[in-house]
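Taken together, the values in this text are just the output of simple stated rules run on the coordinates, not laboratory data. Model, not experiment: these values are computed from the prediction. No Cβ is skipped: glycine too gets one built from the backbone with ideal geometry, and neighbour counts run over all protein chains shown.
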């Protein structure tokens, strides 16, 4: 019969080996990447507007990199006194999560929401145009890549979001 001392030594040895295996597999050094986003508006295939947004993301961390840029637009709720206005956020929101390098490429989840006030106003209330995208994407490092693209349903314009991921040493 095995003594309690020998059983304890076997148990402790097993736990040390399990801990070593977990430490080797789960403690990768985080890597950092500079992300350059270019939001393009095209008409008939020609860029008519481009805006740039930048952030930094890291691998191995459960956080998010968040970009917020925009304005608050007052909207009348029909009343005459205080509280007769409400404010809508319009602009650009870009969220990046779960970054991981895979063979000279960066994989990550990107969520983007772009909204703005339309130039034509059918009433005295502003018309808000909005585009939303969310997907897991993979982009080659150091190479500009269009990750999202969509047509505006009421004009001949197209919106594109381009991403360039650059490792930070």
Handout entry: Added length on full extension, which subtracts the Cα-Cα distance from 0.36 nm per residue, residue 52 to residue 107
Key = 17.7 nm
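Once you compute Rg and the Kirkwood Rh from C-alpha atoms, what is the Rg to Rh ratio for segment 47-117? Display every interim value, and only then the final one.
Working: Rg = 17.8 Å, Rh = 15.0 Å.
Over the Cα atoms of segment 47-117, Rg/Rh equals 1.18.
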Exercise for the section: Report the label-to-label distance for residue 157 and residue 84 in nanometres (one decimal), using points 7 Å from each Cα along the Cα→Cβ vector. Expected result: 3.1
Handout entry: Relative pair counts by distance (%), Cα atoms of segment 29-168, 5 Å bins
Key = 2, 9, 17, 19, 16, 12, 9, 7, 4, 3, 1, 0, 0
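Multiply the residue gap between residue 145 and residue 32 by 0.36 nm, knock off their C-alpha separation, and tell me the result in nm, one decimal place. Kindly include the intermediate steps, with their values, before the conclusion.
Working: separation 113, 0.36 × 113 = 40.68 nm, distance 1.87 nm.
Using 0.36 nm per residue and subtracting the Cα-Cα distance, I get 38.8 nm.
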Fill in the blank from the handout: Residue span residue 64 to residue 136: 0.36 nm per residue of separation minus Cα-Cα distance leaves a gain in nm of 24.5 nm
Practice task
Sort 157, 51 so the one with the fewest other Cβ atoms within 10 Å of its own Cβ comes first.
Solution key: 51, 157
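I need the Kirkwood Rh of segment 85-157: take the reciprocal of the average 1/r across all distinct C-alpha pairs and report it in angstrom. Could you put the intermediate results ahead of the total?
Working: mean 1/r = 0.0680 Å⁻¹.
Kirkwood radius, segment 85-157: 14.7 Å.
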